[in-house]
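Here's the structure we're looking at; comments come further down.
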Amino acid sequence: MIRFENVTKEFSSKNNKTLAVNNVNLEIEKGDIFGIIGFSGAGKSTLVRLINLLEYPSKGDIYFDDVNLTKLKPGKLRKYRQKIGMIFQQFNLLSQRNVLGNIIFPLEIAGVKKADAKKRAIELLELVGLLDKAKSYPAQLSGGQKQRVAIARALATNPDVLLCDEATSALDPITTKSILELLKEINEKLGVTIVVITHEMKVVEQICDKVAVMSNGVIEETGNVKDVFLNPKSETAKKLILPESSSLKDNSKRPVLRIAFEGQSAFEPIISSLTIECNTMVNILGANTENISGKAFGQMLIELPDDNNKTEQIKKYLTDKGIYFEEGGQRNE
């Protein structure tokens, strides 16, 4: 449905040039919920703006349903842009219009009759669960409600694709979860292809079917979410999936061990079994782990006993279980 072929985007200023997107090849299939994830400055937002040509590529071609958008004349391009809705982190609602008016706005631009536009807007308000807020103004809404209005507005012209640029970054975790559930419902009910730009692994876990990992303007790896998370190949993916060891604070005066969970069953009681097998108690100083499709990912910091023999038993137990660990900055496998 959406295809990038050797796409590069370079921004130039008087003093320097910035390569925001570098020779990207990417394919997003119809009906996908496709995540593009990376740290700040990776080029994600530029990439998503290239999809609907809010940014033109410096090199390469962008296809939508096998039509090369970069070759279209302005009039034709406008028609294709109507097939691509977009929502943003800061909502971008019109403050002088009420909720109904905000949703009607793109329909007015498209030349839809007033009665039909109002009917469509009411249908969308019902879909996003805000029918009772039709006459409210943006200033009277919560962040989650504003984003629901923005989603309804983006769907007004019946787009085939919905682009979400860090759409949940300004929201609290509970609201984020509800918005992601709404997007998944829209994908299932309306068949809309959704592209999610994010720096948060939890967003990709919850909603996406496929993911592309991006760094310094380059797509480092792509695949099914489960496959990429269970077997990350790029350093960026590993850092996103497995938190940096520095995120766990070592304040113990006794020796410590960092345990890295990289795909073991999340339901296996590793630490409980360790204490029984090694006949010693360990103190968990901190943990930063995720359950992804029943697999454990992340790190845990444990305090080792003073007894060297017990410490060696613990290390042997972890080695036999195939669990990675490090002590004194050295990682063992």
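The values are calculated or read from the model by the stated rules, or taken from the named source; none is laboratory data. As the structure is a prediction and not an experimental result, all values here were calculated from the model. So basically every Cβ, Gly included, is an ideal-geometry build from the backbone, and we count neighbours across all protein chains shown. Keep in mind that these areas ignore ligands, DNA and RNA; they rest on the heavy atoms of the full protein, side chains included. Shrake-Rupley method; radii C 1.70, N 1.55, O 1.52, S 1.80 Å.
Could you give the DSSP H helices of the chain that reach 15 angstrom or more along their long axis (alpha carbon positions) and whose average Kyte-Doolittle hydropathy is no lower than 0.0? Long hydrophobic helices here: 99-109. Too long at a 20 Å Cα-Cα cut-off: which of K9/K30; K210/K295; K233/K295; K210/K233; K30/K295? Check vs 20 Å cut-off fails for K9/K30; K30/K295. Quote the FRET efficiency, to the nearest 0.05, computed for Q90 versus F267 with a Förster distance R0 of 30 Å and r equal to the Cβ-Cβ distance. Efficiency at R0 = 30 Å is approximately 0.15.
When the chain is fully extended, how far beyond the present Cα-Cα distance does K119 get from S58, taking 0.36 nm per residue of separation? Mind dumping the intermediate values first?
Working: separation 61, 0.36 × 61 = 21.96 nm, distance 4.13 nm.
Using 0.36 nm per residue and subtracting the Cα-Cα distance, I get 17.8 nm.
So which aspartates and glutamates pass the test for K114, namely a Cα distance under 19 Å, with those fewer than 8 places away in the same chain ruled out? Reachable aspartates and glutamates: E123, E126.
May I have the convex hull volume per residue, in Å³, for the Cα set of the chain?
Numbers: hull volume 57.5 nm³, N = 333.
Convex hull volume per residue, Cα atoms: 173 Å³.
Given a 1.4 Å probe and the protein chains as shown, R78 ends up with an accessible area of around 140 Å². Proximity of backbone amide H atoms, modeled 1.01 Å from N, is registered between G286 and L301 at under 5 Å, excluding neighbours fewer than 5 places apart on the same chain. Centroid-to-centroid, using Cα positions, segment 139-180 and segment 86-114 are 13 Å apart. In plain terms, the chain from K238 to F11 could stretch by 78.8 nm, reckoned as 0.36 nm per residue minus the Cα-Cα distance. Around L19, under 9 Å between beta carbons, what's the net of Lys plus Arg minus Asp minus Glu among the other residues? Result for the local shell: +1. Using the 1.4 Å probe convention, the accessible area of segment 101-187 works out to 46 Å² per residue with neighbouring protein chains retained.
Counting every alpha-carbon pair across segment 1-151, the share separated by more than 19 Å comes to 63%. Straight Cα distances below 28 angstrom link K118 to the lysines K76, K79, K83, K133, K135, K146, K184, K189, with same-chain residues fewer than 8 positions distant left out. Its DSSP H runs of at least 4 residues, each contributing -39,500 (n - 2.57), put the calculated 222 nm mean residue ellipticity of the chain at -10000 deg cm²/dmol, to the nearest 500. For the chain, carbon and sulfur atoms together expose 46% of the accessible surface, with a 1.4 angstrom probe and every protein chain in place. Between Q140 and K30, residue separation times 0.36 nm minus the direct Cα-Cα distance comes to 36.0 nm. Under a cut-off of 21 Å between alpha-carbon atoms, report the lysines in cross-link reach of K310, not counting same-chain residues fewer than 8 places apart. Within the straight-line cut-off, K310 pairs with K253, K321.
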